[in-house]
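Chemist: Sharing a structure here in structure tokens format.
The values are calculated or read from the model by the stated rules, or taken from the named source; none is laboratory data. These figures come from a predicted structure and were not determined experimentally. Neighbour counts run over all protein chains shown; Cβ positions are idealised from the backbone, glycine included. For the accessible areas, the whole protein counts, side chains as well, though only heavy atoms, and no ligand, DNA or RNA atoms are used. Shrake-Rupley method; radii C 1.70, N 1.55, O 1.52, S 1.80 Å.
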Amino acid sequence: MNPAVNNIGSSLDFFVVVAIALFSIGTYGVLTRKNMIVLLMCIELMLNSVNLLLVTFSKYYGANDPQIFVFFIVVVAAAEATVGLSILIMAYRSNKSIDIELFNKLKD
Amino acid sequence: MDALIVIFITGLVGLFVGMMKKPVLTLSITITGLVTAFILTLYARSYESIFSKYNGLSTSPLTDAFSLLVIGLTILIVLGGFNYFKKDKEHTSDYYGLMLFSLCGALIMIAFNNFFMFFLGLEIMSIPIYVLVGIKKSNVLSSEASIKYFFTGSFATGVLLFGIALVYGATGTFDLLTINSMRGIAEPSPMFHIGVLFILAAFLFKVGSVPFHFWSPDVYQGSPDAIMSYMSTVVKVSALCAFVTLFSNVFMDSKHVYLIILEVFIAISFIFGYVSALKQSNLKRMLAYSGISNTGLAMLTILNGDFGSLWFFLLSYTAATICIMTLSQAMDKIDSEDISNWKGIGYKNPIIGVVIIISFLSLSGIPPLTGFFGKFLILSNSFQNHLWLVIIGLISSVIGAFLYLRFIVLSMAKDSNAEKICLSPLHFVIIGLSTIVLLFGWSILLF
């Protein structure tokens, strides 16, 4: 690694650790929580940890393309949240609950 | 890449025309756009594209072949699902619009040149499908399938993005060619390997391979027939194409890390898919589980970067899937999802019987049908380096042949109570086309 502009110094590690922590919290939440809105929030948390990581690397390499990637991720996350919330409402209408464990009719 | 623009515009126009609530008009606009895109892709080498300067997507004869496959499959699915879609006059154009937008993503997934386009293609392909799976709003199973697919899918997206960010951190670029040129110059950092493993996990999810296969039977069962055949053909083709592009070439540096993981998962996919399919009583679940095994076979091509045989195998697999799913849609009087309802169908309707026999024999890999040559090419190319995988693949093929032959025997049983089915002309054309591919597809190899 040969950074062109490295004015972020030794705090790079700090940002990476925070991003990984956020990602882990999000993953843990997706795997354990039952409320679907909380699940959506955890997925957003995962995407935002990626944003933080990309911005950190952008500063580290002095390059702009990760920041543009972050914009794409934000747009896609918004689209996903829109679709997800509408699917959630549809599911609520048919099941009268947003507990993910109640959706167990499809099985072998 | 003109085909991409044409398909996108067709989708938009179709959505607006849909306001007139004339399903046939929407269908003809959609088909016109798709056929134009097909022809543009077919002759893409012989004229100067207006987008030749754009370096996010790169086309080659290889990507053209894959694009032709997905566009052709979409044409068949759009036609085959029409009888089902037109029932819901208000929303016919929504089905077609979403399907075309998803196809745009699939085309991007085939031709991408950097991680920007790869990520965008994956999302453009996936998000419409989350909606399409749950489009039967009043159906409980459909909304459950949609929920499951959405949450697992967006979780996989998060994992994939994390992997891309780590690979960027290790290499400092999103461009695949630049990462390629760094290969072998310096020992990549551990961050690169970890990033590659994250991307591998996301891919295993998207193609529906062990250990992230659990969503596919549920989602296939809950979604409408046409959407299920779209997911098991177009989505699988483009995801596998992107999988092979990235892993057989770009990520070679960390091959020692992921090779053993990939091999083990391919081996488990082989056996697990067919063995679980044996005990299914639902046709869609059976196809989903046997699709896991077929995906494992297609993933063998990652190990040696063999695009040609991947294309040929996918051609045979998708043609057979389209054939079976179109038959299932044609049986609208009885519940075609229950396998026991297929008893005697082939005996009572000889033409359907022949089609069932051809498509299932092709899936199980009996010569001289196309499916045999697809399997043979992949296995013979992996013979030298991955002998044990080839042996497991052959064993799983035997289990698969038993599964498919059992279905053929069931549908050809003498049963005078079986339903008489008359195929609509549309279904007849689709089944005829895919049967021709299954019978004579091997002749492509002669060129």
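Chemist: Give me the one-decimal nm value for the distance between modelled label points at B:K89 and B:V398, 7 Å along each residue's Cα-to-Cβ direction.
Modeler: 5.8
Chemist: Select from the stretch A:58-76 all residues whose loss of accessible area on going from the chain by itself to the full protein assembly reaches 40 Å² or more (probe 1.4 Å).
Modeler: Buried-area filter returns A:Y61, A:D65, A:F69, A:F72, A:V76.
Chemist: For the stretch B:271-349, with every protein chain kept in place, what is the accessible area per residue (1.4 Å probe, Å²)? Provide the component values of the computation, followed by the final result.
Modeler: On the way: 2010 Å² over 79 residues.
Result: 25 Å² of accessible area for each residue.
Chemist: Put +1 on the Cβ of each Lys and Arg and -1 on the Cβ of each Asp and Glu in the stretch A:10-102; which of A:I25, A:M90, A:M46 then has its Cα farthest toward the positive end of the dipole?
Modeler: Result: A:M90, furthest along the dipole toward the positive end.
Chemist: Defining a contact as two alpha carbons under 8 Å apart and six or more residues distant in sequence, what relative contact order in percent does the stretch B:285-390 show?
Modeler: That works out to 32 percent.
Chemist: Let me know the charge dipole size of chain A about its Cα centre in debye, to the nearest 20, where only the beta-carbon of Lys, Arg (+1) and Asp, Glu (-1) is charged.
Modeler: On the way: 7 positive and 7 negative charges, 74 e Å.
With only Lys, Arg, Asp and Glu charged at Cβ, the dipole is about 360 debye.
Chemist: Sticking with this one: Working from Cα positions, state the angle (0 to 90°, nearest 10) between the long axis of helix A:36-61 and the longest principal axis of chain A.
Modeler: So the helix axis and the longest Cα principal axis differ by about 10 degrees.
Chemist: Also, quick follow-up: For chain B, what does the helix formula give at 222 nm: sum of -39500 (n - 2.57) over DSSP H segments with n ≥ 4, over the residue count, nearest 500 deg cm²/dmol?
Modeler: The per-residue figure over chain B is -24000 deg cm²/dmol.
Chemist: Next question. In square angstrom and rounded to 100, what buried accessible area do you get between chains A and B, total over both, with the probe at 1.4 Å?
Modeler: 3800
Chemist: Restricting to DSSP loop positions (anything but H, G, I, E, B) with no more than 16 other Cβ atoms inside 10 Å of their own Cβ, which chymotrypsin sites (Phe, Trp or Tyr not before Pro) remain in the stretch B:317-402?
Modeler: Numbers: sites: B:Y317, B:W342, B:Y347, B:F360, B:F372, B:F373, B:F376, B:F383, B:W388, B:F402; in loops: B:F383.
Passing sites in the stretch B:317-402 are B:F383.
Chemist: If you look for lysine pairs in the stretch B:1-159 that are eight or more places apart or on different chains, how many of them have Cα atoms under 17 Å apart?
Modeler: 14
Chemist: Give me P(r) over chain B, computed from all C-alpha to C-alpha distances, binned every 20 Å, as integer percentages.
Modeler: Computed distribution, short to long bins: 26, 60, 14, 0.
Chemist: Keeping every protein chain present and rolling a 1.4 Å probe, give me the accessible area per residue for the stretch B:78-156 in Å².
Modeler: For the stretch B:78-156, the solvent-accessible area averages 25 Å² per residue.
Chemist: Moving to a separate point now. Given R₀ = 51 Å, FRET efficiency for B:S138-B:D2 by Cβ-Cβ distance, to 0.05?
Modeler: 0.80
Chemist: Anything losing 10 Å² or more of accessible area from the isolated chain to the full protein assembly: pick those residues out of the stretch A:89-108, probe 1.4 Å, ligands and DNA/RNA ignored.
Modeler: A:M90, A:A91, A:S94, A:I100, A:F103, A:K105, A:L106, A:K107, A:D108
Chemist: I'd like to know which of B:I7, B:L76, B:I127 lies farthest towards the positive end of the charge dipole of the stretch B:1-133, counting +1 on Cβ of Lys and Arg and -1 on Cβ of Asp and Glu.
Modeler: B:L76
Chemist: Now a separate question. Based on alpha-carbon centroids, what's the gap between the stretch A:86-108 and the stretch B:386-427 in Å, whole number please?
Modeler: So the two Cα centres are separated by 34 Å.
Chemist: May I pose another question? Once you put a point 7 Å from the Cα of B:E48 and another 7 Å from the Cα of B:Q384, both along the Cβ direction, what distance in nm separates them?
Modeler: Result for the modelled spin labels: 4.3 nm.
Chemist: Right, something else. Can you compute the charge dipole magnitude of the protein assembly as shown about its Cα centre, using +1 on each Lys and Arg Cβ and -1 on each Asp and Glu Cβ, nothing else charged? Give it in debye, rounded to the nearest 20.
Modeler: In debye, rounded to 20, the protein assembly as shown gives about 1180.
Chemist: Still on this structure, please answer the following. If I take R0 = 25 Å and measure r between the Cβ atoms of B:E187 and B:L259 in this structure, what FRET efficiency does the formula 1/(1 + (r/R0)^6) give, to the nearest 0.05?
Modeler: Efficiency, from the Cβ-Cβ distance: 0.90.
Chemist: State whether the stretch B:58-186 is rounded, prolate or oblate according to the following rule on the C-alpha gyration tensor (a ≥ b ≥ c being the square roots of its eigenvalues): a/c under 1.5 gives rounded; otherwise a/b larger than b/c gives prolate, and the remaining case gives oblate.
Modeler: Oblate, because a/c is 1.5 or more while a/b does not exceed b/c.
Chemist: Which lysines, on any chain, are close to B:K279 with Cα under 21 Å apart, when same-chain ones fewer than 8 places away are left out?
Modeler: A:K105, A:K107, B:K343
Chemist: Summarise the partner chain shielding of B:118-127 as one whole number: the mean count of Cβ atoms from other chains within 10 Å of each residue's Cβ.
Modeler: 3
Chemist: While we're here: What percent does the relative contact order of chain B come to when contacts are Cα pairs within less than 8 Å and at least six residues apart?
Modeler: This gives 14 percent for chain B.
Chemist: Tell me, what % of the accessible area of the protein assembly as shown is carbon and sulfur with a 1.4 angstrom probe?
Modeler: Carbon-and-sulfur percentage of accessible area, whole number: 69.
Chemist: Another question, then. Just need the relative contact order of the stretch B:182-242 here, percent rounded to a whole number, with Cα pairs under 8 Å and 6+ apart. Working shown, then result.
Modeler: On the way: 21 pairs, mean separation 15.7, N = 61.
It comes to 26 percent, rounded to a whole number.
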